[in-house]
Amino acid sequence: MVSAKVISRGFASLAFLFSCAAALAAPPAPAVKHGQPISEADLAAWNIDINAKTGAGLPVGRGTAVEGKKIYDAQCVVCHGADAKGGPMFGTMVGGIGSFTTGKPVLTPGSMYPYAPILYDYINRAMPLTNPQTLKPNEVYALTAYILHLNGLIGADEEMNEKSLAKVKMPNRDNFMVDNRPDTRAVRCMKDCK
């Protein structure tokens, strides 16, 4: 007589075999499809890269320090303080020029940025802190001009735009060292790499 244990094992084995056969016979699951293809026009809106040295990629626009002060007082003073001298959240953005050769360097756009378009790029990408990338190009140029003016680098009525900004000579421009470590000379491979 066959025991109940043996019959139970037999049914379990058959059930396992049938489930394996069913899994093998089932059509493959469709590839995961998330999102949708992006158009060139949609991609262009995200392409806000600029060349810090030459200013290539800066948008058309213009602004002066006089215009920038009004925008600064309305949107920036709460974090950066009056005249960009430091506020409750962030330190000064003014002064420090020449301080890198001292024991107490003061980090400001005027003292550390080698090229003025870097300031435009940072403001454009990150400010205002509560709503980044909402400023129009003219507002960003005006705020950039205001900070450059407070650092004594341009006049109050001097217009900053996509052509003039890269021409501003930043005080620390020539004080950077070339990084010549071996890994900086690596060539990026995009096709037929070995």
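Just so it is clear, none of the values below were taken in a lab; they were calculated from the coordinates. Nothing here was measured: the structure is a model prediction, and the numbers come from that model. Glycine also receives a Cβ, built like all others from the backbone with ideal geometry; neighbour counts cover every protein chain displayed.
Data overview
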| read-out | value |
| --- | --- |
| Partners for LYS69 among aspartates and glutamates (Cα-Cα distance below 20 Å; same-chain residues under 8 apart left out) | ASP83, ASP121, GLU139, ASP157, GLU158, GLU159, GLU162 |
| Euclidean distance of C-alpha centroids, segment 47-126 and segment 143-163, integer Å | 10 |
| Estimated FRET transfer efficiency when R0 is 35 angstrom, pair PHE90-ALA44 (beta carbons, to 0.05) | 0.65 |
| Semi-axes of the equivalent ellipsoid for segment 154-194, Cα gyration tensor, largest first, Å | 37, 17, 4 |
| Estimated vicinal HN-Hα couplings, Hz - segment 85-99 in sequence order (Karplus 6.51, -1.76, 1.60; Gly, Pro = x) | 8, x, x, x, 10, 9, x, 5, 10, 10, x, x, 5, x, 6 |
| Spatial extent of segment 51-177: Rg and Dmax, with the Cα atoms as the point set, Å | 13.6, 41 |
| Given LYS53/LYS136; LYS136/LYS191; LYS136/LYS169, the pairs whose alpha carbons are separated by over 28 Å | LYS136/LYS191 |
| Quarter of Cα convex hull surface for segment 73-144, i.e. mean projection, nm² | 5.0 |
